[in-house]
Amino acid sequence: METPNLPAIRAVRPVWNKGRIVGQKRPLKPKHVCAIRVRLEFAESHRDLTLVNMAIDSKLRGCDLVRMKVVDVMALGQIKERASIL
């Protein structure tokens, strides 16, 4: 029993990166980093501020840090002053 060759059915939708610059982005300048930190402090967004600080200090990507859990930065019920990343 043979099956006829049918054309591939594809959804017609626009390309998500059409007209955008793709590739590596420029690094943040110190004044931009400081502005991000200040805005997060004013918004009292402790989790986001911690992730930004750890990302900048450790030079890791945000997607690597988002996988972290609270237990990774706590010891004996208190938050560690320094976190070691393996």
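The values are calculated or read from the model by the stated rules, or taken from the named source; none is laboratory data. Note that this is a predicted model, so its numbers are computed, not measured. Ideal geometry is used to build each Cβ from the backbone, glycine not excepted, and the neighbour counts take in all protein chains shown. Heads up: the accessible areas ignore ligands, DNA and RNA and are worked out on the full protein's heavy atoms, side chains in. Shrake-Rupley method; radii C 1.70, N 1.55, O 1.52, S 1.80 Å.
Brief remarks follow.
- Taking the criterion of being open to solvent by 50 Å² or more (accessible area, probe 1.4 Å), within 22 Å of residue 34 (Cα to Cα) and among the β-branched types (Val, Ile, Thr), the residues of region 46-86 that qualify are 50, 56, 66.
- Residues that are at pLDDT 85 or above and of a type in the set (Val, Ile, Thr) number at least 3 in the following helices (runs of 4 or more DSSP H) confined to region 25-81: 30-42.
- Selected residue (criterion: least open to solvent (accessible area, probe 1.4 Å)) from residues of region 30-45 that are within 18 Å of the chain's Cα centre (by Cα) and among the charged types (D, E, K, R): 37
- Selection of first residues in region 10-31 that are within 30 Å of residue 56 (Cα to Cα) and of second residues that are among the aromatic types (Phe, Trp, Tyr) and loosely packed, with under 10 Cβ neighbours inside 10 Å, restricted to Cβ pairs under 6 Å at least 6 apart or on distinct chains, gives an empty result.
- Every condition in (1) at positive phi; (2) open to solvent by less than 80 Å² (accessible area, probe 1.4 Å) is met by residue 17 except one, and the failing one is (1).
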